[in-house]
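One structure below.
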Amino acid sequence: MRSILPVLTVVAVIVALWYAAAVAMNATWVRDQAARAGPEVSFLELVPRTLAQDRPVLPAPHQVAKGLWDGWAGQAVTSRRSLVYHAWITLSATLVGFGIGTGLGILLAVGIIHNRAMDQSVMPWAIASQTIPILAIAPMIIVVMNSIGVSGLLPKAIISAYLSFFPVVVGMVTGLRSPDRMQMDLLSTYNASRSQTFWKLRLPASMPYLFASLKVGIAASLVGAIVGELPTGAVAGLGARLLQGSYYGQTIQIWAALFTAAIVAAALVGIVGAVQAVVLKRMGMAR
């Protein structure tokens, strides 16, 4: 109870502030409608009306919860109105992009720590690549891929990989360089080769850093997949739900899709954390 109570208190405060903001932001429409009809509305009449609008400026928590319930449990999972269906479309691109980004990031990190030229040339370019806004580069990737006849999942996966590889590169390079001089000198006295040093010292030492970067990378991959759906006018995926909600003023749909994305991201990070706990325990590195 001592650990749960502070969390519940914070959640209660956030929900209360959310309700207050919903009343304040939705009140203008209610007052405009009342002014056209004639009689003024009292505060006791204003509050329930602001919390029951079909297209509110800011949906109330219970409206978002209902949107989530309808999207997750109120539809068949194969329905185009199901959030499960759209989440799976986005998740598939996320996982493919995450795999590509992780593999590329690990390979670059290994090359950087073993080759000084790569360290001085590739690493600055990797850093510079992250200064380009993803909203600017995503349409370019989509157009180029479509021009060579590639569409669907792969362009979104490439955008996901673009966002996820950098955290993996940075984390892996830091981890591979984490062994101190005394440990490196000890292996040198044993006449260990570079490959033996890598497999027996550098790689095991990098595991905590790698998993920390993977948690960041998989969340970034999900963002990349959603962003990749926006410039294509996609009809499926969480990005498509956001676009449709924006086009038709369905703010509840927008918020339900956003919360779905947050739930999926939290689940993915949790899975990576569970794998981390198992791997580090097997390696004797768990705290």
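Of all residue pairs spaced 6 or more apart or on separate chains, those with beta-carbon atoms under 7 Å, a first member in the range 162-187 that is among the aromatic types (Phe, Trp, Tyr) and a second member that is part of a loop (DSSP other than H, G, I, E, B) are 166/130. Looking across the range 129-145, the residues that are without any contact (Cβ under 8 Å) to a residue 24 or more places away in the chain and exposed (fewer than 14 other Cβ atoms within 10 Å of the Cβ) come down to 131, 132, 133, 136, 140, 143, 144. Taken over the range 115-128, the residue count meeting the criterion of being surrounded by 14 or more Cβ atoms within 10 Å (Cβ to Cβ) and of a type outside the set (Asp, Glu) is 4.
Against the conditions (1) touching a Leu at 6+ places or on another chain (Cβ under 8 Å); (2) more than 30 Å from residue 206 (Cα to Cα), residue 70 satisfies every one except (1). Taken over the range 193-207, the criterion of being without any contact (Cβ under 8 Å) to a residue 24 or more places away in the chain, in a helix (DSSP H, G or I) and over 34 Å from the mean Cα position of the chain (by Cα) is satisfied by 195, 196, 197. Would the range 67-83 turn up any residue that is open to solvent by 80 Å² or more (accessible area, probe 1.4 Å) and either of a type in the set (Asp, Glu) or more than 30 Å from residue 221 (Cα to Cα) (or both)? So far as the range 67-83 goes, no, none of its residues is open to solvent by 80 Å² or more (accessible area, probe 1.4 Å) and either of a type in the set (Asp, Glu) or more than 30 Å from residue 221 (Cα to Cα) (or both).
If the condition is being outside any helix (DSSP H, G or I) and among the small types (Gly, Ala, Ser), then the range 257-287 contributes 284, 286.
Filtered by the rule that a residue be surrounded by 14 or more Cβ atoms within 10 Å (Cβ to Cβ), within 15 Å of the chain's Cα centre (by Cα) and aliphatic (A, V, I, L, M), the range 245-266 gives 257, 258, 261, 263, 264, 265. Being outside the structural domain of residue 236 (by the TED database) and at pLDDT 85 or above is a property that residue 77 lacks. Would you confirm whether or not the range 233-256 contains a residue that is in contact (Cβ under 8 Å) with a residue 60 or more places away in the chain, small (Gly, Ala, Ser), closer than 29 Å to residue 106 by Cα and part of a helix (DSSP H, G or I)? Scanning the range 233-256, I find at least one residue that is in contact (Cβ under 8 Å) with a residue 60 or more places away in the chain, small (Gly, Ala, Ser), closer than 29 Å to residue 106 by Cα and part of a helix (DSSP H, G or I), so the answer is yes. Being of a type in the set (Gly, Ala, Ser), over 18 Å from residue 252 (Cα atoms), in a helix (DSSP H, G or I) and under 26 Å from the mean Cα position of the chain (by Cα) is a property that residue 12 has.
From 148, 158, grab the single residue that is farther than 24 Å from residue 116 by Cβ, open to solvent by 30 Å² or more (accessible area, probe 1.4 Å) and free of Cβ contacts under 8 Å to residues at least 40 places away in the same chain. Step by step, each of 148, 158 is checked, and only 148 is farther than 24 Å from residue 116 by Cβ, open to solvent by 30 Å² or more (accessible area, probe 1.4 Å) and free of Cβ contacts under 8 Å to residues at least 40 places away in the same chain. Take residue 225 and tell me if it is surrounded by fewer than 21 Cβ atoms within 10 Å (Cβ to Cβ) and in a helix (DSSP H, G or I). Answer is no for this residue.
I'd like to know if the range 176-187 contains one or more residues that are in contact with a Lys or Arg (Cβ under 8 Å, 6 or more places away or on another chain), in a helix (DSSP H, G or I) and open to solvent by less than 70 Å² (accessible area, probe 1.4 Å). Within the range 176-187, one or more residues are in contact with a Lys or Arg (Cβ under 8 Å, 6 or more places away or on another chain), in a helix (DSSP H, G or I) and open to solvent by less than 70 Å² (accessible area, probe 1.4 Å).
For residue 190, the requirement of being under 31 Å from the mean Cα position of the chain (by Cα), of a type in the set (Ser, Thr, Tyr) and surrounded by fewer than 22 Cβ atoms within 10 Å (Cβ to Cβ) is not met. For the structure I just gave you, tell me whether residue 148 is over 19 Å from residue 101 (Cα atoms) and either touching a helix residue (DSSP H, G or I) at 6+ places or on another chain (Cβ under 6 Å) or assigned by the TED database to the domain that holds residue 222 (or both). It is true that residue 148 is over 19 Å from residue 101 (Cα atoms) and either touching a helix residue (DSSP H, G or I) at 6+ places or on another chain (Cβ under 6 Å) or assigned by the TED database to the domain that holds residue 222 (or both).
The values are calculated or read from the model by the stated rules, or taken from the named source; none is laboratory data. Note that the coordinates shown come from a computational prediction; the quantities given were computed from them, not determined experimentally. Glycine also receives a Cβ, built like all others from the backbone with ideal geometry; neighbour counts cover every protein chain displayed. SASA here: full protein model, heavy atoms, side chains in, ligands and nucleic acids out. Shrake-Rupley method; radii C 1.70, N 1.55, O 1.52, S 1.80 Å.
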